[in-house]
Amino acid sequence: MKFYPEKYKIPDKPDKPFLDAEEIETFLNEAVSTEKEVVRIIARSLDKNRLTLPEVAVLINTTDPELVELIKQGAKELKKKVYGNRIVLFAPLYVGNLCANNCKYCGFKSSNSEAIRKTLTNKELIDNVTALEQNGQKRLILVYGEHKTYSPEFIAENVKTVYGVKTGNGEIRRVNINAAPLDIEGFRTVKESGIGTYQVFQETYHPEAYTWYHPSGKKADYNYRLTSLDRAQEAGLDDVGIGVLFGLYDWRFEVMGLVRHTNHLEACYNVGPHTISFPRLTDAADFKVDPQYRVNDDDFTKIIAILRLAVPYTGMILTAREPKHIRNEVLQYGCSQIDAGTKLEIGAYSEKNKKVTQNLNKEQFLINDERSLAEVIDELLDTDFLPSFCTACYRKGRTGEHFMEFSVPGFIKRFCTPNAILTLSEYIMDYSGQETASKGWKMIEKNIRELTDPKLEAEVRLRIEKIKAGQRDLYF
């Protein structure tokens with residue numbers, strides 16, 4: 001599938017800065033929202049076209065409540081078309097909080113002398129992975145402070161260790177990474193360890209705001225961070241994730257920045273981001289931000305709907321920073337992945353008999369959804385979502401351009417729904433209580449009946465029987 005790049009003031013070239021703040025402001029200032037234009041743009045998105053920046057600006061500038069509701073309903077319909085009702089589950093595992101940067105909004109900042117610094121030993125890493133596997137987790141994202149200790153070699157060894165931990169039927173099948181930007185050789189080293197997605201968040205795309213929030217450390221280099229995922233692509237790591245921290249600058253600009261970054265990756269590599277993340281600012285130790293940019297709930301839900309329409313094919317990750325009621329709402333019209341059973345204190349997953357209380361001197365930020373994995377799964381089933389631990393695309397080679405070939409037209413549902421059914425079957429057999437199992441099997445039957453291919457339905461049923469007989473890790 002070939003993407004045709006849009007023309008901007010700064011042309012798209014590999015590993016070169018591409019964002020013009022004045023150009024984005026011009027798009028926002030000139031966009032006029034009318035009912036006719038909003039309806040046209042939603043229709044384009046429902047045909048699974050990635051929107052242009054001027055079109056995204058129109059949706060951003062839409063304030064009429066009825067038109068905003070149209071945007072949300074369009075996003076809801078699009079999500080069903082592309083992803084069905086599945087929600088992919090994962091857990092973040094913080095490996096270390098050493099950091100050489102001094103970001104004003106982050107509890108890990110180097111100037112925070114009250115922070116309790118820790119890096120997991122190999123044994124502690126294994127203990128925490130074991131605890132996560134015993135709860136049923138299959139997907140992890142390893143999170144690191146930005147420090148020379150956490151070299152590409154260090155990360156790669158962590159990844160290999162995680163994959164080597166087996167607990168009964170439990171195993172981690174995919175490890176994603178959230179860590180510092182690397183050079184090409186560094187990305188290549190990490191890729192060879194078998195990771196899934198490598199995430200680098202720009203935090204804010206506005207150059208002046210970025211400079212103010214990042215006064216020192218390697219992270220102070222805006223352009224180095226902006227082009228980091230170009231280097232990943234050059235290294236052959238074609239599965240990348242982008243994101244911003246909403247609340248650092250005007251959310252309207254940040255949404256445009258995310259779409260412009262998507263355009264750049266498509267133009268240079270024919271591959272957009274596998275995931276987009278949109279964490280919202282929460283309190284951290286020694287917290288210094290401009291309060292005028294904090295994002296309220298109404299704007300946050302609108303942001304997610306716009307991003308869903310803007311980039312139909314990409315996975316959208318919602319974190320436990322958000323409270324339960326917000327998570328439940330936006331799952332309907334945007335998000336396809338959420339974390340569950342999240343603990344941010346380093347080493348906390350293995351402390352089974354100890355109640356872990358959130359502590360800003362031990363954690364990067366506060367979370368607002370402390371539900372266990374089992375509780376989240378139970379509620380997903382109650383609200384007609386299909387919980388999934390699927391990792392098949394990574395292992396079948398459906399990443400990069402191959403992923404785009406399947407996901408952009410919406411064909412990914414042919415794989416995702418059956419694989420979600422199989423991973424939920426595993427969870428029910430190995431980890432769930434009786435009440436959740438009852439609801440889970442009903443959800444599985446409902447989704448099997450909705451498969452349109454009789455041969456696929458028969459094969460899914462056959463594989464479920466194999467899972468009940470003890471086989472694991474069956475996927476399409």
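Return the residues of the stretch 124-181 that are in a loop (DSSP other than H, G, I, E, B), within 30 Å of Asn112 (Cβ to Cβ) and not charged (D, E, K, R); say none if nothing qualifies. Selection gives Gln137, Gly145, His147, Thr149, Tyr150, Ser151, Ala179, Ala180, Pro181. For the stretch 164-185, a residue qualifies if it is farther than 15 Å from Phe90 by Cα and out of contact with any Ser or Thr (no Cβ under 8 Å at 6 or more places or on another chain), and the qualifying residues are Gly164, Lys166, Gly168, Asn169, Ala179, Ala180, Asp183, Ile184, Glu185.
Any residue in the stretch 28-43 that is in a loop (DSSP other than H, G, I, E, B), within 18 Å of Ala267 (Cα to Cα) and touching a helix residue (DSSP H, G or I) at 6+ places or on another chain (Cβ under 8 Å)? No, because not a single residue in the stretch 28-43 is in a loop (DSSP other than H, G, I, E, B), within 18 Å of Ala267 (Cα to Cα) and touching a helix residue (DSSP H, G or I) at 6+ places or on another chain (Cβ under 8 Å).
Yes/no per residue for (1) of a type in the set (A, V, I, L, M); (2) within 25 Å of Gly272 (Cβ to Cβ):
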| residue | (1), (2) |
| --- | --- |
| Leu140 | yes, yes |
| Glu153 | no, no |
| Pro181 | no, yes |
| Gly186 | no, yes |
| Trp212 | no, no |
| Ser228 | no, yes |
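Any residue in the stretch 74-96 that is assigned to a loop (DSSP other than H, G, I, E, B), under 24 Å from Ser350 (Cβ atoms) and not charged (D, E, K, R)? No, the conditions are met nowhere in the stretch 74-96.
Would it be correct to say that Leu237 is over 15 Å from the mean Cα position of the chain (by Cα), modelled with pLDDT of 95 or more and assigned to a loop (DSSP other than H, G, I, E, B)? Yes; evaluated as a whole, the condition is true for this residue.
Please verify whether the stretch 55-67 includes one or more residues that are surrounded by fewer than 22 Cβ atoms within 10 Å (Cβ to Cβ), over 17 Å from Trp251 (Cβ atoms) and within 25 Å of the chain's Cα centre (by Cα). No. Return the residue satisfying two criteria in turn: it lies in the stretch 4-34 and is among the aliphatic types (A, V, I, L, M) and more than 21 Å from Leu229 (Cβ to Cβ), and of such residues it is nearest to the chain's Cα centre (by Cα). Looking at the filtered set, the residue picked out is Leu28. The set of residues in the stretch 27-48 that are polar (S, T, N, Q) and surrounded by 15 or more Cβ atoms within 10 Å (Cβ to Cβ) comprises Ser33, Ser45. Can you name the residue in the stretch 131-181 that is over 16 Å from Gly96 (Cβ atoms) and hydrophobic (A, V, I, L, M, F, W, C) and, of all such residues, is surrounded by the most Cβ atoms within 10 Å (Cβ to Cβ)? By that ranking, first place goes to Leu132.
If the condition is being surrounded by fewer than 20 Cβ atoms within 10 Å (Cβ to Cβ) and not acidic (Asp, Glu), then the stretch 192-208 contributes Ser193, Gly194, Phe201, Pro207. Do the conditions hold for Glu69, that is, is it in a helix (DSSP H, G or I), out of contact with any helix residue (DSSP H, G or I) (no Cβ under 9 Å at 6 or more places or on another chain) and not assigned by TED's automatic domain parsing to the domain that holds Asn270? Spelling it out, Glu69 is indeed in a helix (DSSP H, G or I), out of contact with any helix residue (DSSP H, G or I) (no Cβ under 9 Å at 6 or more places or on another chain) and not assigned by TED's automatic domain parsing to the domain that holds Asn270. Within the stretch 46-65, residues that are free of Cβ contacts under 8 Å to residues at least 12 places away in the same chain have Cβ atoms under 9 Å from residues that are in a loop (DSSP other than H, G, I, E, B) and buried (at least 22 other Cβ atoms within 10 Å of the Cβ) in these pairs: Asp47/Pro312, counting only partners at least 6 apart in sequence or on another chain.
Residue under question is Val271, and the condition is that it be assigned by TED's automatic domain parsing to the domain that holds Ala179, out of contact with any helix residue (DSSP H, G or I) (no Cβ under 7 Å at 6 or more places or on another chain) and either buried (at least 21 other Cβ atoms within 10 Å of the Cβ) or modelled with pLDDT under 95 (or both); does it hold? When the stated conditions are applied, Val271 does not pass them. Residue pairs whose Cβ atoms lie under 6 Å apart, sitting 6 or more positions apart in sequence or on different chains, and linking a residue in the stretch 226-243 that is assigned by TED's automatic domain parsing to the domain that holds Met316 and within 21 Å of Leu19 (Cβ to Cβ) to a partner that is modelled with pLDDT of 95 or more and among the acidic types (Asp, Glu), are Thr227/Asp15; Asp230/Asp15.
Residue pairs whose Cβ atoms lie under 7 Å apart, sitting 6 or more positions apart in sequence or on different chains, and linking a residue in the stretch 28-40 that is touching a residue at least 40 places away in the same chain (Cβ under 8 Å) and in the same structural domain as Leu53 (by TED's automatic domain parsing) to a partner that is surrounded by 12 or more Cβ atoms within 10 Å (Cβ to Cβ) and assigned to a helix (DSSP H, G or I), are Leu28/Ala57; Leu28/Ile60; Leu28/Arg252; Leu28/Met256.
The values are calculated or read from the model by the stated rules, or taken from the named source; none is laboratory data. Computed from a predicted structure; not experimentally measured. So basically every Cβ, Gly included, is an ideal-geometry build from the backbone, and we count neighbours across all protein chains shown.
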